[in-house]
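A short write-up of the structure that comes next.
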Amino acid sequence: MTIHHYIGSPYELPTGNFGTKETLVPLSEASPSNRNPKKEKLITIYEKEEDAYGISINYLNGGYGDIKHVFTLPYIYELSCDVHPKSMRELFTYIEEHLIEGCQIELYSCLDGDETEEKDSSLDTSINLKTLYFGKYYKLDKKKYIYELGEMFTFEDKQFVVVVK
């Protein structure tokens, strides 16, 4: 089953792809056997595997509007984020860069088709980027908290996460 991720904010957030390092090259450069100068296609390549991991923030698709009941904030977006430490680091880098001090961002995940169901309150957690606490008990390192969150954080079905700054 597909799990969908969402991000809620008190204000509009920038949309698009963040964190990937891709290069567009002509297909003939990547595969010399494919030479057709009249119909030269461009393909995306990545220098390293990690370059392919990042996040994508998009406006909420009309078919997923039922998810709004979970959030307390007015601006809800779809979040594409692989279960990979690099993607998680990119997510928390994005949040760190766009979250205004004194505000919060909400994250939520659920299986496709479960958008109308209630969240699992036992999975609720918080991340405080000011005090550097993940949950109630884990203190993040001031110099490498983005890296730590990338290594430790994973999305769970029907989990609600509040990130404050």
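The values are calculated or read from the model by the stated rules, or taken from the named source; none is laboratory data. Because the structure is a prediction, the values reported are computed rather than measured. Positions of Cβ are generated from backbone atoms using ideal geometry, with glycine treated the same way; all protein chains shown enter the neighbour counts. Note: accessible area is taken over every heavy atom of the protein model, side chains too, but ligands, DNA and RNA are not part of it. Shrake-Rupley method; radii C 1.70, N 1.55, O 1.52, S 1.80 Å.
Among the residues of region 51-81, those that are surrounded by 14 or more Cβ atoms within 10 Å (Cβ to Cβ) and among the acidic types (Asp, Glu) comprise Asp51, Glu78.
Close Cβ contacts (under 7 Å, 6 or more residues apart or on different chains) running from residues in region 56-71 that are more than 28 Å from Lys86 (Cα to Cα) to residues that are in a loop (DSSP other than H, G, I, E, B) and of a type in the set (D, E, K, R) comprise Asp66/Glu115. Of the residues making up region 140-165, those that are touching a strand residue (DSSP E or B) at 6+ places or on another chain (Cβ under 8 Å), within 21 Å of Gly102 (Cβ to Cβ) and either open to solvent by 30 Å² or more (accessible area, probe 1.4 Å) or in contact (Cβ under 8 Å) with a residue 40 or more places away in the chain (or both) number 7.
Screening the candidates Glu96, Glu117 for the property of being outside any helix (DSSP H, G or I) and either open to solvent by less than 60 Å² (accessible area, probe 1.4 Å) or not aliphatic (A, V, I, L, M) (or both) yields one hit, Glu117. Of note, Tyr77 satisfies the criterion of being hydroxyl-bearing (Ser, Thr, Tyr), in a strand (DSSP E or B), in contact with a Leu (Cβ under 8 Å, 6 or more places away or on another chain) and closer than 25 Å to Met1 by Cα. Considering region 120-139, and only residues there that are open to solvent by less than 30 Å² (accessible area, probe 1.4 Å) and touching a residue at least 12 places away in the same chain (Cβ under 8 Å), the residue that is nearest to Leu99 (Cα to Cα) turns out to be Leu129.
Being assigned to a loop (DSSP other than H, G, I, E, B) and either open to solvent by less than 10 Å² (accessible area, probe 1.4 Å) or farther than 13 Å from Gly8 by Cβ (or both) is the filter here; which residues of region 99-112 pass it? Walk me through it before giving the result.
Going through region 99-112, the residues assigned to a loop (DSSP other than H, G, I, E, B) turn out to be 99-103, 112.
Those that are assigned to a loop (DSSP other than H, G, I, E, B) and either open to solvent by less than 10 Å² (accessible area, probe 1.4 Å) or farther than 13 Å from Gly8 by Cβ (or both): Leu99, Ile100, Glu101, Gly102, Asp112.
Is region 54-67 home to any residue that is at pLDDT below 80, in a loop (DSSP other than H, G, I, E, B) and more than 24 Å from the chain's Cα centre (by Cα)? No: zero hits.
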